[in-house]
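Asks: First the structure, then my questions, so here it is.
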Amino acid sequence: MRNKLTIYNTRSRKKELFIPLHAPHVGMYVCGPTVYGDAHLGHARPAITFDLLFRYLTHLGYKVRYVRNITDVGHLEHDADEGEDKIAKKARLEQLEPMEVVQHYLIRYHQAMDALNVLPPSIEPHASGHIIEQIELVKEILDNGYAYVSNGSVYFDVPKYNKDHHYGILSGRNLDETINTTRALDGQEEKHNPVDFALWKHAQPEHIMHWPSPWGEGFPGWHCECTAMGRKYLGARFDIHGGGMDLLFPHHECEIAQAVAAQGDEMVHYWMHNNMITINGQKMGKSYHNFINLDEFFNGTHPLLEQAYDPMTIRFFILQAHYRSTVDFSNEALQAAEKGLQRMTEAVDNLERIIPSAASSVDVKSLREKCYEAMDDDLNSPIVISHLFDGARMINNIAAGNATISQEDLDELKGTYRLFLYDILGLKKNTGSDEHRETAYHKAVDLLLELRMKAKNEKDWATSDKIRNALVEAGFEIKDTKDGVTWRLNQ
Ligand code: ZN
């Protein structure tokens, strides 16, 4: 098995050779969406980044168990643990059951991921389905003395933990800094210190999602779910934990603290974070009116968009940046990506038309190795794409008759594009809509029958029979009537 993959570990702040704890098995956990609204661009980037990693690890021969959770309880509006639950609020406003909200947006999320050719994870656990595991985790932390009960809620004692360990090890913050930047919100009198975070929240009477616990009716704090579900499905120590950079603090910092407080050591070997997306140079945010849903990209219905963009254009555009760089979306940049992807697929189509020569005048063997090297260098997808563009120019040269290629090299080239463009980068040919295909196929059959009629009129029986026989063989039923020819495809 090829083992040259290096990944940037946010925890150690350097690139490290990826060595799984229990090869060939790899455990990978990625924070999934809080499902209370339509999937937007912010959801696409982590999904595509870790899909790329999932695909590559699988290609390298690892057996990857990829867990991506669904947050359907406990994610509160302010700093994640104050204010109203995001899903409960949506349910209240829309007069729905919270699980109706979850189901509705989860289906839409899956549809958007499907369109982006993001493979489904191996396990997609819901936070609300793992309340028992989260209560267990809270109990362990309490037993080890790193949490306290206050008015039916349980809080993580950050200053106490920081005396024995380092709270801020992932984000590089120190506690004094964190204390200075933490706002004390109303209703936080329960906390001994504003930096403490909720492990379990007491449910107020109006709160619709709550469960019994040793501390009374309540619901888990947001950070608990990933620690509890990661441990349940991947074990007390697993390989990779990923997510967007916006989750680094406090979410992932809290996850580390919870794991250490519960089991004495860290759970995760490699932490990976994708960078953020901006739109026309601006941060994405409700107040900027630039929250563009993925559906709006696919249909071109958002006022900021000049046209609709195919899901593959969005995927290609995201992969044209390294996952640790920011990506700025604009119509101009997306249109350039659309053209680029078109150039690439045209070249790949040209591969099918090339007639091999006895010998090659081009070097195709180095392309595959260069692509591997770029992937091994912390998933450097923009470099992979630039190598594939170099290859595309070479293909076009051969197709134009300016260079030659042997059969063996042609097969190698086809295999390299299949592997990197389709299997690993996860791009697929734009096959258009069903309606588009239907129209195209009708036009093609009509044209053939028109040519047959012309041949018949010219008494060219050989050609007219040839067309008819070929269509019948392909499963069409053709009837000559006095009003003309009718046809249908036999089922
Ligand atoms: Zn998480």
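Asks: Would you pick out the residues in segment 78-93 that are modelled with pLDDT under 85 and farther than 16 Å from A127 by Cβ?
Replies: H78, D79, E82, G83, E84
Asks: Now, a different point. Among G32, G37, G74, which is at positive phi and either part of a loop (DSSP other than H, G, I, E, B) or open to solvent by less than 10 Å² (accessible area, probe 1.4 Å) (or both)?
Replies: On the way: G32 fails: at positive phi; G37 fails: at positive phi.
Result of the check over G32, G37, G74: G74.
Asks: Is there a residue in segment 409-416 that is buried (at least 20 other Cβ atoms within 10 Å of the Cβ), assigned by TED's automatic domain parsing to the domain that holds V327 and within 30 Å of E16 (Cβ to Cβ)?
Replies: yes
Asks: Say whether the condition of being in contact with a helix residue (DSSP H, G or I) (Cβ under 6 Å, 6 or more places away or on another chain) and among the β-branched types (V, I, T) is met by at least one residue in segment 239-261.
Replies: no
Asks: Tell me which residues, restricted to segment 435-491, are of a type in the set (S, T, N, Q) and within 46 Å of the chain's Cα centre (by Cα).
Replies: Pass one, segment 435-491, residues of a type in the set (S, T, N, Q): 439, 457, 463-464, 469, 481, 486, 490-491.
If the condition is that a residue be of a type in the set (S, T, N, Q) and within 46 Å of the chain's Cα centre (by Cα), then T439, N490, Q491 are the ones that fit.
Asks: Further question: What number of residues in segment 1-57 are of a type in the set (V, I, T) and closer than 21 Å to A115 by Cβ?
Replies: Step one: filter segment 1-57 for residues of a type in the set (V, I, T), giving 6-7, 10, 19, 26, 30, 34-35, 48-49.
Checking which are closer than 21 Å to A115 by Cβ leaves us with 30, 34-35, 48-49.
Matching residues across segment 1-57 total 5.
The rows are residues; the columns are (1) at pLDDT 95 or above; (2) not hydrophobic (A, V, I, L, M, F, W, C).
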position	(1), (2)
A203	no, no
E206	no, yes
C226	yes, no
G242	yes, yes
Q258	yes, yes
A261	yes, no
I279	no, no
S287	no, yes
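Asks: Still on this model: Output the residues belonging to segment 37-78 that are among the charged types (D, E, K, R), over 21 Å from H110 (Cα atoms) and within 15 Å of the ligand (Cβ to nearest atom). Outline the logic, then answer.
Replies: Initial filter on segment 37-78 (among the charged types (D, E, K, R)): 38, 45, 51, 55, 63, 65, 68, 72, 77.
Within this subset, residues satisfying the condition of being over 21 Å from H110 (Cα atoms) are 63, 77.
Listed by number, the list is empty, since nothing qualifies.
Asks: Among the residues of segment 318-327, are any on the phi < 0 side of the Ramachandran plot, of a type in the set (K, R) and at pLDDT below 95?
Replies: Applying the first criterion (on the phi < 0 side of the Ramachandran plot) to segment 318-327 yields 318-327.
Next, only the ones that are of a type in the set (K, R) stay: 324.
Checking which are at pLDDT below 95 leaves us with none.
Looking through segment 318-327, none of the residues is on the phi < 0 side of the Ramachandran plot, of a type in the set (K, R) and at pLDDT below 95.
Asks: For H207, which of the numbered conditions (1) surrounded by fewer than 24 Cβ atoms within 10 Å (Cβ to Cβ); (2) closer than 26 Å to N274 by Cα fails to hold?
Replies: (2)
Asks: Suppose the filter is among the aliphatic types (A, V, I, L, M), under 14 Å from A259 (Cα atoms), surrounded by fewer than 18 Cβ atoms within 10 Å (Cβ to Cβ) and more than 16 Å from the ligand (Cβ to nearest atom); does I179 pass it? Quick ask: steps written out before the conclusion?
Replies: On the way: among the aliphatic types (A, V, I, L, M): yes; under 14 Å from A259 (Cα atoms): no; surrounded by fewer than 18 Cβ atoms within 10 Å (Cβ to Cβ): yes; more than 16 Å from the ligand (Cβ to nearest atom): yes.
Criteria not met by I179.
Asks: Do any helices (runs of 4 or more DSSP H) lying entirely in segment 205-319 carry at least 3 residues that are more than 16 Å from the ligand (Cβ to nearest atom) and closer than 29 Å to L421 by Cβ, and which ones are they? Give the steps one after another, and end with the answer.
Replies: Working: elements: 224-234, 253-263, 294-299, 311-319.
Answer list for segment 205-319: 294-299, 311-319.
Asks: Just for segment 10-29: of the residues that are outside any strand (DSSP E or B) and among the hydroxyl-bearing types (S, T, Y), which one is nearest to the ligand (Cβ to nearest atom)?
Replies: The extreme case among them is T10.
Asks: Same structure again: Of the residues H104, H110, only one is exposed (fewer than 15 other Cβ atoms within 10 Å of the Cβ) and over 25 Å from F249 (Cα atoms); which? Let's see the steps before the verdict.
Replies: Working: H104 fails: exposed (fewer than 15 other Cβ atoms within 10 Å of the Cβ).
The conditions single out H110.
The values are calculated or read from the model by the stated rules, or taken from the named source; none is laboratory data. Worth saying up front: this structure is predicted, and the values here are computed from it rather than measured. Cβ coordinates were reconstructed from backbone atoms using ideal geometry, including for glycine residues, and neighbour counts include every protein chain displayed. Side chains included, ligands, DNA and RNA excluded: accessible areas come from the protein's heavy atoms. Shrake-Rupley method; radii C 1.70, N 1.55, O 1.52, S 1.80 Å.
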